[in-house]
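Take a look at the structure set out below.
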Amino acid sequence: MNATIEDVPQRRSAFRRLFRDGAALVALAVLAVIVVAALLAPWLAPHDPFATTRQPLLPPVWNEAGQWAFPFGTDGQGRDILSRLLYGSRLTLLMGLLSVAIGGGIGMVVGMLSAFYRRIDPFIMRVVDVLLSFPAILLGLAVAAIFGTGVTAIIIALAIATIPDVARVTRSAAVVVMGQDFMEAGRAIGLSDATLIRRYLALNCISSVFVFLTLRFGQVILIGAALSFLGLGAKPPSAELGMMAAQGRDFLFFAPHVATIPSLTIFLIVLCANMVGDALRDVLDPRLRR
Amino acid sequence: MATTALKATARRLLAGGVCLAAAGLVAAPALAQSITVVREVDSDRYDPHRSTARAASEVLFMVADTLVSLDYDMQTVKPGLAERWEVSDDGKTYTFHLKDGVKFCDGKKMTAADVVYSLKRWIDPATKSPVAWRAGEVEDIVALDDSTVEYRLKAPFSELLYQLTQSFAVVIDQATVEKLGGDFGVKGFNGTGPYCWVEWRPRNDLKLARNPDYNWGPPIYENTGPAQVEEIVWKIVPEENTRMAAVATGQSEITQYVPYSTLNTLRANPQLLVSQSDAAFWTYFAGFKIDREMVSEEAVRQAMVLAVDQDAIAQNVHFGEVEPAHSYISQAALDWNRELDDKLIRTDVEKAGKLLDDAGWKMESDGFRYKNGKKLSPVAYSFAGSTWQKLMEAIQGDLRKVGVDLDIQAFDATIAWGKMATQEFDLFGMSYPYISAGDALNLYFRSSNTPTPNRMNWKDPATDELLDRGKAALDPETRAEAYGKVLEKVHQAAVWIPLYHEPMKLVQTKKLAPVKPHNIYGCGLYKGLDIKFQ
């Protein structure tokens, strides 16, 4: 009767299939390395990420003028780029994770409510439509205008931008689940709405929402970096990848590493998150199952 | 068949396109008498009495003239619309004898009445000019005849002639001002300058055309008129690297607005010429709001001043293209007191730390100082935009070394001015142009100039008295002495963190004859009379 229990053996094989996908595995490994490095930033960073030195724009070691003391060189204020990268990834990942978690959580509840209570469905979906019509960058600018700039404002903006998409995905999954016999049966034996939503609806929707959020994570990081690049994000001296790229923009002609190293890191994080999300979708989506 | 026909048509069209392009190339030399100057920001208007922006002055110097002009040394006053002038012995009456044959852009003859109208509009309370104080305490300005103007002061104002060289003192046409009303300097302008106003598209470009009758330029130029190019287009390009690219690719013939970081690249470009004026009278500083709790302690301010490394900032942020500032004004400025040469502000991180220790601010394990559970974390208001952001971060980095956690809040230029007029910050970043010690000090340190531009709330009767004495002095020694004392006072009280003096640097294509940079109000091209194609 309970579809989630039936799913268990399938899911186990799903993970096995995921591990057979070489590209996804590499992406997962790279992402894991970045996450671990970011988590261990205080222990791994060779320098204080905020300490300025009198050696600005030192090139990275692969350039002949580089120094091993600063493997990725220094930025315009003479700060160690590697250390800033570690701390910056931390902030960027945290920003992505939090906004996806908050936006995803709210979006899922909204989507399920919409599918469960058909009477409020049109109303909720129109609100979602309105929200969908705002580009995330515009939302970010609006939120920054209200709350001021900073990481919190970016997280709020990204979370709000995530809600409508997640609500849509959840609703379409939930509508299918609502048509299943076990929902009817649950109602027949007198389960409360809360129990039905929590135990049956939520657990049956969560896999598709999870896949969507994995894919969304990459996008959110990218938009977050863009907002930071526009100067709405982290306050100096804290490091954030998008902001680091923005600061390096002025030196692009003669010290390109200041902008390119954080940009490449953003690229890697987004690429890997997307590849992992793609692979997860492939193995979890029953329609794509062969 | 159809495809062949199509191809043929396409070929014909392409050929036509090539012809058109070629025609464009042929037509180009005709336009070559036009030059484009790229710059970062536009002014809100071009009314000499109602705009203080450098962007406005840049254009006003070209479309209008002042009674007297300033030489490249920023110290010598030369004739302008007035061919000569006399100053009475008591220093209160200035008589200007105007040049003959000066005409406005619309062909009307300029007379003493126009001069009187312009100067009176400047000081008229109804104009609400933020720079009316620059005209001194005027008793009256009268036209003795068509070519003589008498400027009567209530008290001597030794800087009057320097102030009259500024763009606020240009001569404008009354009829045009009255006709255009609020649109004066927006939709039109009528002056006697070497160039005439054509059209302004705000935040896009401003077009000026040569005034063919002009022959009354200041004698600091070899060519006193008419101008040697047909047209000047002032174009707004906010992104600094784009401006640099515009100069490097020939889209702009000349500009002073290229990032310092790219100057070395531009110097290496054989098609470009980078020149610099010796006078660096545009100073960047960070000022304290001295009655705010966190920075009301003199020791805290002194420590912060000592912690900032001006030499490193000039080197790191501006690639050594600027002069590190060790006083609030340039040592080359008029009336600089030589006795201060060995009392300059120098970086001393150790002493800064000791001052804070003695004042009871103890360093905690997080690397910042605390007193009574309160973190030493002053709030700094700054302009957003790459220059100030980099500067503030550099200051923040230096302060961090002595345990001060600077909280930077950057605002877009549209709201920054309003924010900096409030009382809610501890430190603010600002830069300003001046010609003399008195010009600078009278602007910022007079009690009556609070809340702006005296954003520091520096209210000191002794300072006011010294400023008055300097302002009214008739000889340079008294001025230098009075202003030197003021500087010593404010240095001692650590009211500002001086950062650097900015010299004027021009980047131009070698297709133009070398243009000598002027530093008047930071407007490098001044009247633009020496701009010409080789």
- Local electrostatic count, B:Thr165, Cβ distance below 12 Å [Lys/Arg +1, Asp/Glu -1]: -1
- Message: Please rank A:Asp121, B:Asp412, B:Asp65, fewest neighbouring Cβ atoms within 10 Å first, as an exposure proxy.
- Response: B:Asp412, A:Asp121, B:Asp65
- For segment A:228-290, averaging the sequence separation of alpha carbon pairs under 8 Å that lie six or more residues apart and dividing by its residue count, the contact order in percent is 21
- For B:Lys207, go through the lysines and keep the ones whose alpha-carbon is under 16 Å away, minus same-chain ones fewer than eight residues off. B:Lys187, B:Lys235, B:Lys527
- Estimated distance in nm for a label pair at B:Lys516 and A:Ile206, the labels positioned 7 Å out from Cα along Cα-to-Cβ: 8.0
- Query: Does anything in segment A:184-207 have its amide N under 14 Å from the 7 Å Cα→Cβ label point of A:Ile120, and if so which residues?
  - Reply: A:193-194, A:197
- Query: Which percent of Cα-Cα pairs in segment B:242-337 sits in each 5 Å bin, short to long?
  - Reply: 2, 10, 17, 16, 15, 14, 11, 7, 5, 3, 1
- Query: Say a paramagnetic label sat at a point 7 Å from the Cα of A:Ala23, along Cα to Cβ; which residues of segment A:251-272 have their backbone N under 12 Å from it?
  - Reply: A:272
- Which angle between 0 and 90 degrees, to the nearest 10, do you get for helix A:81-116 versus the longest principal axis of chain A when only C-alpha atoms count? 20
- Message: Whole percent per 5 Å bin, from 0 to the bin with the longest distance: what is P(r) over all C-alpha pairs of segment B:385-525?
- Response: 2, 8, 14, 17, 17, 16, 12, 8, 5, 2, 0, 0
- Item | Partner aspartates and glutamates for B:Lys419 [C-alpha distance under 16 Å; skip if fewer than 8 residues away on the same chain] | B:Asp407
- Query: Between A:Ala145 and A:Val109, what is the label-to-label distance in nm when each label sits 7 Å out along the Cα-to-Cβ direction?
  - Reply: 2.8
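Only counting other Cβ atoms within 10 Å, I'd like B:His326, B:His49 sorted with the fewest neighbours first.
Going from least to most buried by this count: B:His326, B:His49.
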- Quick one: angle between helix A:22-39 and the longest Cα principal axis of chain A, in degrees between 0 and 90, rounded to 10, please. 60
- Message: At R0 = 56 Å, how high is the FRET efficiency between B:Thr148 and B:Glu350 if r is their beta carbon distance? Nearest 0.05 is fine.
- Response: 0.35
- The alpha-carbon pair-distance distribution computed for chain A, with 5 angstrom bins and whole-percent values, is 1, 6, 11, 13, 14, 14, 12, 10, 7, 5, 3, 2, 1, 1, 0, 0
- Note on the structure: Per residue, the convex hull enclosing the alpha carbons of segment A:57-162 has a volume in Å³ of 124
- At a temperature of 37 °C and a viscosity of 0.692 mPa s, determine how fast segment B:399-456 diffuses translationally according to Stokes-Einstein, using the Kirkwood radius over alpha-carbon pairs as Rh; express D in µm²/s, rounded to the nearest whole number. 247
- Item | Under the span-like rule (Cα at least 15 Å along the axis, Kyte-Doolittle mean at least 0.0), DSSP H helices of chain B | B:2-31, B:112-123
- Item | For peptides A:246-257, B:133-144, sequence by mean Cβ density within 10 Å, most packed first | A:246-257, B:133-144
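Excluding B:Gly397 itself, calculate the net charge of residues whose Cβ lies under 15 Å from the Cβ of B:Gly397, where each Lys or Arg counts +1 and each Asp or Glu counts -1.
Here the count lands on -2.
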- Message: At a 10 Å Cβ-Cβ cut-off, how would you order B:Ile254, A:Ile34, fewest neighbours first?
- Response: A:Ile34, B:Ile254
- For chain A, calculate the relative contact order in percent as a whole number, restricting contacts to Cα pairs under 8 Å that are 6 or more residues apart. 23
- Message: Which aspartates and glutamates, if any, have their Cα less than 17 Å from the Cα of B:Lys108, not counting same-chain residues under 8 positions apart?
- Response: B:Asp65, B:Asp100, B:Asp146, B:Asp173, B:Glu178, B:Asp213
- Task: Quick one: plug the Kirkwood hydrodynamic radius of the protein assembly as shown (C-alpha pairs) into Stokes-Einstein at 4 °C, 1.567 mPa s, and report D in µm²/s.
- Result: 42
- Task: Measure up B:Lys128/B:Lys459; B:Lys128/B:Lys179; B:Lys343/B:Lys375; B:Lys103/B:Lys511; B:Lys120/B:Lys485 against 29 Å on the Cα-Cα distance and list the ones that go over.
- Result: B:Lys343/B:Lys375; B:Lys103/B:Lys511; B:Lys120/B:Lys485
- Task: Using Cα pairs closer than 8 Å and at least 6 residues apart in sequence, work out the relative contact order for chain B, in percent.
- Result: 19
- Relative to the longest principal axis of the C-alpha atoms of chain A, give the angle of the C-alpha long axis of helix A:151-178, reported between 0 and 90° and rounded to the nearest 10°. 30
- Just the ratio, please: alpha-carbon radius of gyration of chain B over 2.2 N^0.38 Å, N its number of residues. 1.08
- Inter-label distance for A:Asp193 and A:Phe253, nm, one decimal - labels placed 7 Å from Cα along Cα-to-Cβ: 6.5
- Please report, in Å, the Rg and the Dmax of segment B:145-296, where both are computed over Cα atoms only. 20.8, 60
- For B:Ala175 and B:Asp213 in the same chain, what is the full-extension length gain: residue separation times 0.36 nm, less their Cα-Cα distance, in nm? 11.6 nm
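Throughout, read-outs are computed from the coordinates displayed, never taken from laboratory work. Predicted, not measured: the structure shown is a model, and the values here were computed from it. Every residue, glycine among them, receives a Cβ derived from its backbone with ideal geometry; neighbour counts consider all protein chains shown.
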